[in-house]
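Notes follow once the structure below has been shown.
The values are calculated or read from the model by the stated rules, or taken from the named source; none is laboratory data. Quantities reported herein were computed from a predicted structural model and do not represent experimental measurements. Cβ coordinates were reconstructed from backbone atoms using ideal geometry, including for glycine residues, and neighbour counts include every protein chain displayed.
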Amino acid sequence: MAEVVVHIYDVTNTGSDKTNNTILQINRIFKDGIGLGGIFHSAIQVYGNDEWSYGYCEQGTGVFRCPSSKNPMYTYREKIVLGRTDCTIFMVNQIFRELTREWPGHTYDLLSRNCNHFCDVLCDRLGVPKLPGKDVY
């Protein structure tokens, strides 16, 4: 069994300091202040030191990995342990191969097919709870 962790980032890659600061304020008020969601990027870590997520690209898969808590596109916020998977490392690698085919980058949609939706699907296949909505969405 392996621990499954979601890494959560503030989305601060807009290219505008004013917009980035507004997003951080929204996240502080809605998540930290009143316990609702915010504007976040999420990624899942299981077996190893890398995290897996999904994003837009014109060609190929939108599934990517990077060192956990080190995605250079966003500002790291926190991690939440979701549980433990019964999947072996072999099974997890097979899941990643399937998701790489099922999640092409050009199908990304900000509201209906984003990194948080990808992480929910991955969690479902790993047999752990989906992302906590009040913390991520």
Original post:
Quick check: is even one residue across the range 99-118 over 17 Å from V6 (Cα atoms), in a helix (DSSP H, G or I) and either at pLDDT below 95 or among the charged types (D, E, K, R) (or both)?
Top reply: yes
Subject >> Filter result (under 12 Å from the mean Cα position of the chain (by Cα) and assigned to a loop (DSSP other than H, G, I, E, B)) within the range 63-76 >> reply: S68, S69, N71, Y74
Original post:
Which of the residues spanning the range 42-60 are surrounded by fewer than 16 Cβ atoms within 10 Å (Cβ to Cβ) and either of a type in the set (K, R) or assigned to a strand (DSSP E or B) (or both)?
Top reply: D50
Original post:
Does V128 satisfy the criteria of being of a type in the set (V, I, T), under 19 Å from A2 (Cα atoms) and either over 12 Å from the mean Cα position of the chain (by Cα) or surrounded by 15 or more Cβ atoms within 10 Å (Cβ to Cβ) (or both)?
Top reply: yes
**OP:** Pairs only if they're at least six apart or on different chains, beta carbon under 6 angstrom, first in the range 1-26 and closer than 18 Å to C115 by Cβ and among the acidic types (D, E), second at pLDDT 85 or above and assigned to a strand (DSSP E or B); list them, first residue then second.
**Re:** D10/T75; D10/R77
Subject >> Filter result for K79 (part of a loop (DSSP other than H, G, I, E, B), basic (K, R), surrounded by fewer than 17 Cβ atoms within 10 Å (Cβ to Cβ) and under 13 Å from the mean Cα position of the chain (by Cα)) >> reply: no
